[in-house]
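**Q** My questions will all concern the structure given below.
The numbers here are math on the coordinates, done by the rules we state, and not lab data. Model, not experiment: these values are computed from the prediction. Here the Cβ positions follow ideal geometry from the backbone for every residue, glycine too, while neighbour counts run over all protein chains shown.
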Amino acid sequence: MLSKTDLYKKTYKEDDWPGLDAINVKEKEVYGDLEPTHWATVVPYELGGEDPLWAIECFKSDNQQKHIHYLTLGFTNLWYNEDFAEDDINGFGFELTFRYAPLKDDKEVPTWPANFLQNIAKYVFKSQKGFDDFHYMSANGPIRSGTDTQITAFTFFTDTEMGVIDTPHGTVKFLQLFGITSNEYIDLKEKKYTAGELIGKHKLHNPLLITDLSRK
């Protein structure tokens with residue numbers, strides 16, 4: 001019987017992108033032939049670039065309500081590398097997603113969430129600390145800077161549509177960020193309820209947990 005590494009080398013070539021291909025298959029399952037908006041990092045992080053993520057994509061979605069669904073590419077191993085063939089978990093084990101209900105003054109496809117996700121990536125790559133379901137974190141101000149919003153923190157949970165996938169480099173969980181208010185963040189820190197309970201409450205009327213900056 002072939003080892004995972006031998007099977008990997010037999011299946012893929014050095015110019016293949018096994019990790020990225022697995023993510024693209026899941027995107028196609030959810031969005032069909034809809035082409036995403038794609039922002040690629042100009043200078044790769046490993047070559048001295050400032051942005052750790054290889055790229056960020058977003059899809060326009062009408063599910064539940066009109067919103068934009070952002071997905072990161074780069075917390076996991078995307079390219080061919082036989083050293084990852086035996087791994088059970090791919091890279092940090094997750095890619096981040098974010099569902100955003102645009103405000104009236106937003107451009108057609110707002111770019112600030114992409115910058116926001118890159119900033120989170122800088123924290124993860126520098127600290128080497130990842131996230132998982134029901135972790136929460138302050139944004140140290142409005143999650144969209146310069147905006148009058150009470151959404152100043154966020155919590156994490158597994159993206160309802162994207163879920164968890166297997167890749168040739170191990171499993172990947174799509175962790176969605178959901179923006180929470182300053183009061184909700186304080187309540188979580190004071191343990192008035194758990195992040196799981198907070199998410200469960202919001203899912204009753206917002207099943208996809210789309211972040212709305214106008215929410216009070």
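**Q** From the backbone phi of the range 135-151, what are the Karplus-calculated ³J(HN,Hα) couplings (6.51 cos²θ - 1.76 cosθ + 1.60, θ = phi - 60°) in whole Hz, Gly and Pro given as x?
**A** Karplus-based 3J(HN,Hα) across the range 135-151 equals 5, 9, 7, 7, 8, 6, x, x, 5, 10, 4, x, 10, 7, 9, 8, 7 Hz.
**Q** How about the range 62-167: which GluC sites (Glu not before Pro) there lie in a loop by DSSP and see at most 15 other Cβ atoms within 10 Å? Walk me through the intermediate numbers first.
**A** On the way: sites: GLU82, GLU86, GLU95, GLU108, GLU161; in loops: GLU86, GLU108, GLU161.
Listed in order of number, the matching sites are GLU86, GLU108.
**Q** Moving on. Going through the range 176-213, which trypsin sites (Lys or Arg not before Pro) have at most 12 other Cβ atoms within 10 Å and a DSSP loop state? Mind showing how you got there, number by number?
**A** Working: sites: LYS189, LYS191, LYS192, LYS201, LYS203; in loops: LYS191, LYS192.
The qualifying sites are LYS191, LYS192.
**Q** Continuing with this model, one more query. Using the basic label-point model (7 angstrom from Cα toward the beta carbon), what is the LEU34 to ASN81 distance in nanometres?
**A** 3.2
**Q** Right, something else. What's the longest piece of the chain with no exposed chymotrypsin sites (Phe, Trp or Tyr not before Pro), counting a site as exposed if DSSP puts it in a loop and it has at most 16 other beta carbons within 10 Å?
**A** Looking at the chain, 1-78 is the longest stretch - no exposed chymotrypsin sites (Phe, Trp or Tyr not before Pro) with at most 16 other Cβ atoms within 10 Å.
**Q** With label points built 7 Å along Cα→Cβ from the Cα atoms of LYS9 and VAL42, find their separation and express it in nm.
**A** Modelled inter-label distance: 4.0 nm.
**Q** Around LEU73, what is the net charge, scoring Lys/Arg as +1 and Asp/Glu as -1 over all other residues with Cβ under 14 Å from its Cβ?
**A** -4
**Q** Using the Kirkwood radius over C-alpha pairs as Rh, can you work out the diffusion coefficient of the chain via Stokes-Einstein at 10 °C, viscosity 1.306 mPa s, in µm² per second?
**A** On the way: Rh = 18.2 Å.
The calculation lands on 87 µm²/s.
**Q** May I ask you to list the lysines whose Cα is less than 24 Å away from that of LYS26, ignoring any residue fewer than eight positions away on the same chain?
**A** Within reach: LYS4, LYS9, LYS10, LYS13, LYS60, LYS66, LYS173, LYS203.
**Q** Also, I was wondering about something else. Given R₀ = 41 Å, what would the calculated FRET efficiency be for TRP17 paired with ASN183, taking r from the Cβ atoms and rounding to 0.05?
**A** For R0 = 41 Å, the calculated efficiency reads 0.40.
**Q** Please give me, ordered by residue number, the trypsin sites (Lys or Arg not before Pro) of the range 79-134 that lie in loop per DSSP and have at most 15 other Cβ atoms within 10 Å.
**A** Numbers: sites: ARG99, LYS104, LYS107, LYS122, LYS126, LYS129; in loops: LYS104, LYS107, LYS129.
Sites meeting the loop and neighbour criteria: LYS104, LYS107, LYS129.
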